[in-house]
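Input: a single structure, listed below in structure tokens.
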Amino acid sequence: ECMANLQAGKKRRVTRAPRERLGVKLMLLLAAFVPVGGASATDAKARDTLRAVVADEAKQGFSGAVLVTRGDEVLLDMGVGAVAGTEMAPSSRFWIASAGKQFTSAAILRCAERGLLTLDSPLADLLPDVPADKRAITVRQLLSYTSGLPQSEAGEIVASATEAIAAILALPLEAQPGEKFIYANGNYILAAALVEQVSGMPFADFMRQEIFDPAGLRDSGQVT
């Protein structure tokens, strides 16, 4: 069993092609280096070959962190190039964009476990001053993108969480709650606001205490 994990910096102006090409190359090489008998010699050759492939891709524009494992064995763990003037290392941290939404979902479920809300709680029961057309939107609908909220940057270009909530709630609905799927980031901004509202804690602190620390995620956190 093989696993190749690539992380590339957000601000590096390269297409997806170098990352995808490198991923394919590493997986094919791992399949070729299946140890039979003299594992140590085979693994040494695999490490040298993998490192050479990564170095070649770096010359073609790839930068980031590369981790290659086979089972529990680490064959390669290295940083390549620089992102925004910062040299990459195996421990470099990266902005993960919408992949962070799964953690917001986990935080909501943690609040539900603690009895602070339910997935079918309406916004009117959890947030103050919710407009009439959005009072019936449920937590479940936020998480499943069925709230009816439109995709907009309204909640992403303001200075505070309070302004973000107000901006999102002021948007006209694109559909009635529960009517259809609409991918809109505002759903998860409101979900994070709900975590703060019902827990009485800043979102970053709640995530650290309830999600990251228990899971041993020492290098995960919120960028402010």
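Odds and ends about this structure:
- Taking a Cβ cut-off of under 10 Å around F206, the surrounding Lys, Arg, Asp and Glu residues balance to a net charge of -1, with basic ones at +1 and acidic ones at -1.
- Difference of contour (0.36 nm per residue) and Cα-Cα distance, E153 to S220: 21.7 nm
- This model, with +1 at the C-beta of Lys and Arg and -1 at the C-beta of Asp and Glu, gives region 136-224 a dipole about its Cα centre of some 200 debye.
- Segment E73..T118, full-extension length gain: 12.0 nm, with 0.36 nm per residue of separation and the alpha-carbon distance subtracted.
- With a simple spin-label model that places each label point 7 Å from the Cα along the Cα-to-Cβ direction, the separation between A97 and L173 comes to 3.0 nm.
- Solvent-accessible area of I96 with every protein chain in place, 1.4 Å probe, in Å² to the nearest 10: 80
The values are calculated or read from the model by the stated rules, or taken from the named source; none is laboratory data. From a predicted model like this one, the values you see are computed outputs, not experimental measurements. Quick reminder, even Gly has a Cβ in these numbers, built from the backbone with ideal geometry, and neighbours come from all protein chains shown. In case anyone asks, the SASA skips ligands and DNA or RNA and just uses the protein heavy atoms, side chains included. Shrake-Rupley method; radii C 1.70, N 1.55, O 1.52, S 1.80 Å.
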